[in-house]
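To start, the structure itself, in structure tokens.
Bear in mind these aren't lab numbers, they're just calculated from the coordinates by the rules spelled out. Model, not experiment: these values are computed from the prediction. Glycine also receives a Cβ, built like all others from the backbone with ideal geometry; neighbour counts cover every protein chain displayed.
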């Protein structure tokens, strides 16, 4: 019988982290734990309890699943000093919770002797998993949902770092809106993003993708992303990326990472898969989108971590 | 301070709860009732921080996840107004069992959690104080606002409304659930919410009530809250300078600033 227990353990600063451990029936256990890493503010359950839905599926396959709240968030101890949400997100994308994740692995290894992990999560959880995997080879693979490549900007300058793909999509939207009265009202009353409209019509992103030094991004690309991603692949550990069709993140992945690192990715292509769920929003709030994500995830898990 | 997480049994299902208490004597027991859906997730950390602030002032606190939410059992589509009342009943009983000195309790609810707390308090005689943070006072209007979330999601996904309000109501009547930001809302829960009116529940409550309205200093009391004070009963409204920490905001809001201090002061003095 599968079980779910409330658990707590200390991180490396001695702060208590609270979580839930899902354990499979011992007869079906694969001896691998999926770390469902918190996306951040919405804690260990994830948006609309997404993580419970995912955990239920994975534990039925024989995986242990651990989900927990990082320090300063959810039920865990500690506090964060930021006042702005974007700063919290950026701190997560810069590796704030790598050590908490390693503490979780230490704890479960001591408790159950499990030392093989799949790092997984949505958004901030995915990037935390990637950055932890770079440092800790107990993480054998990465299952990344909606993983960001770029850092959060201020909402006021959202147009500065748009990719060619994003501008193309915006252009189509603006041209569709030509026949809509409300759109003209917004345009004529100063409520439109005129710079972005101009950019989309002339297709000139602020920062061109043919930067001379891809290792030192000059835009809002997370400077930790590429080294971590390439390091994990070069160590032979597979990655699956599942993106949502309605958000910008796949464009950013393709244009701000893949295109800039084509030479380094040559020979590593077989180790990572990229999938898109059409029309899905960032948090996969529709049951059909969740079903598609679970199908992709479970097939990949079976391939990379088969039953014993 | 000690914090202990556990599962309570309610109708054969597990309800996740965290008991928080000071090391010494407990002054009074407080039950925290969270809001609905994604509001709960945005507000969670602020409610956790608030529970710790209460404990620092000598209160024993229980915070919990209604069944169908958080880490409690049950799918959201199986939850209802009735299951939520059962949950509160179980939580209050558990608090009293752990703290025998607390023969009555105080309740603090946020948004729809405040509505549920009021409904519970109106039916029982073991609630001494009720604090309602931006309560949902008109269930029918709130239920309609939940449907609007679905309509907004359709616009975002399909650039148009594929199924209007009437179609969504038809689906619920046929026994299907309507998706509200990932939560499956059924006809049972929808009609249960629609029938709620806090003013009627407050008329039956014999204890003291503090309504906390977020706003700016000097803002007038909202008409729906003024109306509540006219129904008789010991009810006051306090307008506080506080941001809506139950929504997605640009600011990071890990504390219920503006709400916590007046609430704790009132709980201690009332």
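Do you know the relative contact order of the stretch A:222-308, to the nearest whole percent, from alpha carbon pairs under 8 angstrom that are 6+ apart?
35
For residue B:162 and residue A:110, what is the calculated FRET efficiency with R₀ set at 51 Å and r taken between the beta-carbons, to the nearest 0.05? FRET efficiency, residue B:162 to residue A:110: 0.50. If R0 equals 35 Å, the separation of the Cβ atoms of residue B:25 and residue B:123 corresponds to a calculated FRET efficiency of about 0.75.
Give the separation of the Cα centroids, the stretch B:128-157 to the stretch A:8-41, in Å. Measuring centre to centre over Cα atoms gives 34 Å. In this simple spin-label approximation, residue A:172 and residue A:25 carry label points 7 Å from Cα along the Cα→Cβ vector, and these lie 4.7 nm apart.
How long is the gain from residue A:56 to residue A:304 if the chain were fully straight, where each residue apart is worth 0.36 nm and the alpha carbon distance is subtracted?
87.4 nm
Counting, for every residue in A:81-88, the Cβ atoms of other protein chains within 10 Å of its Cβ and taking the mean gives 3.
With the cut-off at under 17 Å, measuring from each backbone N in the stretch B:115-139 to a point 7 Å along the Cα-to-Cβ line of residue B:152 picks out B:136. The percentage of C-alpha pairs in chain A whose separation is greater than 30 Å is 35%.
Among B:164, B:207, B:218, the largest mean-square fluctuation in a Gaussian network model of chain B (Cα springs under 10 Å) belongs to B:218. Sort out for me the Cα centre separation of the stretch A:224-254 from the stretch B:221-254, rounded to whole Å. For the stretch A:224-254 versus the stretch B:221-254, the Cα centre distance is 44 Å. Between residue A:188 and residue A:137, the modelled label-to-label distance comes to 6.7 nm, taking each label 7 Å out from Cα in the direction of the beta carbon.
Taking A:175, A:52, A:268 as the candidate residues, the one with maximal mean-square fluctuation in a Gaussian network model of chain A, Cα springs under 10 Å, is A:175. The mean number of Cβ atoms from other chains found within 10 Å of a Cβ in peptide A:46-55 is 4, as a whole number. In terms of packing, defined here as the mean over residues of other Cβ atoms within 10 angstrom, the peptides B:191-199, B:34-42 line up highest first as B:34-42, B:191-199.
Peptides B:106-117, B:49-60 ranked from most to least packed, by the mean per-residue count of other Cβ atoms within 10 Å: B:106-117, B:49-60.
When the P(r) is computed for the stretch B:34-153, the part past 24 Å accounts for 26% of the Cα-Cα pairs. Compute for the stretch A:219-298: radius of gyration divided by Kirkwood radius, i.e. Rg/Rh, restricted to C-alpha atoms, rounded to two decimals. Reported Rg/Rh, Kirkwood definition of Rh: 1.00. Each eigenvalue of the Cα gyration tensor of the protein assembly as shown, multiplied by 5 and square-rooted, gives one semi-axis; in descending order these are 40, 30, 22 Å. When both bridge partners sit in the stretch B:194-270, DSSP labels roughly 0% of those beta bridges antiparallel.
What angle do you read, to the nearest 10 degrees and between 0 and 90, between the alpha-carbon axis of helix A:50-60 and the longest principal axis of chain A? So the helix axis and the longest Cα principal axis differ by about 40 degrees. Entry note, the stretch A:4-88: relative contact order of 34 percent, from Cα contacts under 8 Å with a spacing of 6+ residues.
Computed log10 I(q)/I(0) for the stretch B:130-268 at 0.12, 0.17 Å⁻¹: -0.65, -1.04, from the Debye equation with unit scatterers placed on every C-alpha and solvent omitted.
So if R0 is 22 Å, what FRET efficiency would residue A:3 and residue B:4 give, r being the distance between their Cβ atoms, rounded to the nearest 0.05?
Efficiency computed from Cβ-Cβ geometry: 0.70.
Compare the peptides A:5-17, B:173-185 by average per-residue count of other Cβ atoms within 10 angstrom and give them in order, highest first.
Packing proxy ranking, top to bottom: B:173-185, A:5-17.
Ordered by the count of other Cβ atoms within 10 Å of each Cβ, fewest first, B:159, B:250 give B:159, B:250. Between the helical axis of A:164-176 and the longest alpha-carbon principal axis of chain A there is an angle of about 60 degrees. Taking every alpha-carbon pair under 8 Å whose residues sit at least 6 apart, chain B reaches a relative contact order of 18 percent.
Of the DSSP beta bridges with both residues in the protein assembly as shown, give the percent that are antiparallel, rounding to the nearest 5. If I count the DSSP bridges inside the protein assembly as shown, around 35 percent turn out antiparallel. Within 10 Å of the Cβ of each residue in B:37-45, the mean number of Cβ atoms contributed by other protein chains is 5.
Here the sum of -39500 (n - 2.57) over DSSP H runs of 4 or more residues, divided by the residues of the protein assembly as shown, equals -11500 deg cm²/dmol at 222 nm, to the nearest 500. Here the translational diffusion coefficient of the stretch B:1-93 follows from Stokes-Einstein with Rh set to the Kirkwood radius across Cα pairs; for 20 °C and 1.002 mPa s it amounts to 159 µm²/s. Quick check on chain A: of the DSSP beta bridges with both residues there, what percent are antiparallel, nearest 5%? Expressed as a percentage, antiparallel bridges in chain A total about 35.
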